[in-house]
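K.L.:
Pasting in a structure now, in structure tokens, and then I'll have a few things to ask.
The values are calculated or read from the model by the stated rules, or taken from the named source; none is laboratory data. Source: prediction; values computed, not measured. Because the Cβ atoms are built from the backbone with ideal geometry, glycine has one as well, and the counts that use them run over all protein chains shown. These area figures cover heavy atoms from the full protein model, side chains too; ligands, DNA and RNA do not enter into them. Shrake-Rupley method; radii C 1.70, N 1.55, O 1.52, S 1.80 Å.
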Amino acid sequence: MENPVQHTFFRYLTYSDEDEQWEMVCTDAGYTEVPPYTIYPPNKEGHPRIFQRVAVGRTLNEYQIIYVTKGEGVFETSGRHYDVKPGSIIMVFPGVRHFYKPVYEIGWMEYWVGFKGGHFELLRERGFLNPQEPFIEIGLQNNVLDLYNEIIAEVRDQKPLYQIVASSKILALIAEINACARRRAQASHAAQVVEAAKCMMVEKIYGDIDINSIATALGISASRLNDIFKTYTSMTPYQYYIHIKIHAAKSLLEQGDLSVKEVAYRLGFEDQYHFSRLFKKKTGIAPSQWRAFMYE
């Protein structure tokens, strides 16, 4: 069924014995733009009865993956509540009761695909389809949306062996979602590594640091720490450490009750002349002239 006014397409599919021999079949697919103040699901009578109860609670005998690309809504399953926003993936598992719907005043745009078969059960056993992680934030990803559109095109056209082609694209969709989630998790982990390293450096600002020790404490190699840190700050860890030392030196010098030598030693510089050269290189002004420069 297609409704160009509401930007909606969906189709529930049959499959042959030959299709089932592949141990994966596409059962349904579609997309729906739900405008604000629209009863969900729209075109309710066009869906099989069990599918109509999505907004109040239902249990299916298939997997579904729903991708929301705009709007807001809610998703509940297994006693857990999730706030849906653009870039949210909703995973529906066979035999698991759930419901989801857009916020009535806001609406949303959703893409979905349903599937079943022994190959998908194997993916579930191995954790690639995980009932403990039914909600994934991947953000807006063109590769994911392209795969939905390719699956929907196969379902719409139903060319010879479309079931096999559509099912293979569902496998690609699952792989891409897992890849997106992994990349986001790594980015988040990298940001946490950088912040943790910064904290360690601040704690050692009046002494010295050993980059290898920091990396070991964070569970990564020194070279990996260097790469991550430079990606996020455009500085190596040691350059950042010098940066915060110079910043601290400015504050101490501005107070006016410490000599350049005392500031150097307080910040862990064994040689005040090395400190003075470094300070001038970074600021353009000798430390002995910094206070006057600040208050002239």
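K.L.:
Checking Tyr240 against (1) exposed (fewer than 14 other Cβ atoms within 10 Å of the Cβ); (2) of a type in the set (Ser, Thr, Tyr); (3) free of Cβ contacts under 8 Å to residues at least 60 places away in the same chain; (4) more than 30 Å from Leu145 (Cβ to Cβ), only one condition comes out false. Which one?
P.N.:
Tyr240 satisfies all of (1) exposed (fewer than 14 other Cβ atoms within 10 Å of the Cβ); (2) of a type in the set (Ser, Thr, Tyr); (3) free of Cβ contacts under 8 Å to residues at least 60 places away in the same chain; (4) more than 30 Å from Leu145 (Cβ to Cβ) except (1).
K.L.:
So which residues in the stretch 70-90 are of a type in the set (A, V, I, L, M) and more than 16 Å from the chain's Cα centre (by Cα)?
P.N.:
Across the stretch 70-90, the qualifying residue is only Val74.
K.L.:
Still on this structure, I have one more. Being farther than 30 Å from Asn130 by Cα and outside any helix (DSSP H, G or I) is the requirement here; does Asp227 meet it?
P.N.:
no
K.L.:
State which residue is surrounded by the fewest Cβ atoms within 10 Å (Cβ to Cβ) when the search covers only the stretch 144-178 and only residues that are of a type in the set (S, T, N, Q) and at pLDDT 95 or above.
P.N.:
Ser168
K.L.:
Would you pick out the residues in the stretch 267-287 that are loosely packed, with under 15 Cβ neighbours inside 10 Å and assigned to a helix (DSSP H, G or I)?
P.N.:
Tyr273, His274, Arg277, Lys281
K.L.:
Of the numbered conditions (1) within 15 Å of Val194 (Cβ to Cβ); (2) part of a helix (DSSP H, G or I), Ile220 fails exactly one; give the number of that condition.
P.N.:
Of (1) within 15 Å of Val194 (Cβ to Cβ); (2) part of a helix (DSSP H, G or I), only one is false for Ile220: (2).
K.L.:
Please go through the stretch 120-140 and give me each residue that is touching a helix residue (DSSP H, G or I) at 6+ places or on another chain (Cβ under 8 Å) and open to solvent by 20 Å² or more (accessible area, probe 1.4 Å), ordered by number.
P.N.:
Passing the criteria: Leu123, Phe128, Asn130, Pro131, Ile136, Glu137.
K.L.:
Run Trp22 past the list (1) open to solvent by 70 Å² or more (accessible area, probe 1.4 Å); (2) touching a His at 6+ places or on another chain (Cβ under 8 Å); (3) farther than 26 Å from Pro131 by Cα and report the number of the one that doesn't hold.
P.N.:
Single failed check for Trp22: (3).
K.L.:
Which residue is nearest to Lys282 (Cα to Cα), if the candidates are limited to the stretch 246-264 and must be small (Gly, Ala, Ser) and either open to solvent by less than 10 Å² (accessible area, probe 1.4 Å) or outside any helix (DSSP H, G or I) (or both)?
P.N.:
Filtering the stretch 246-264 for residues that are small (Gly, Ala, Ser) and either open to solvent by less than 10 Å² (accessible area, probe 1.4 Å) or outside any helix (DSSP H, G or I) (or both), the one nearest to Lys282 (Cα to Cα) comes out as Ala249.
K.L.:
For Ile50, only one of the following conditions fails: (1) open to solvent by 10 Å² or more (accessible area, probe 1.4 Å); (2) among the hydrophobic types (A, V, I, L, M, F, W, C); (3) modelled with pLDDT of 90 or more; (4) more than 21 Å from Ala153 (Cα to Cα). What is its number?
P.N.:
Failing condition for Ile50: (3).
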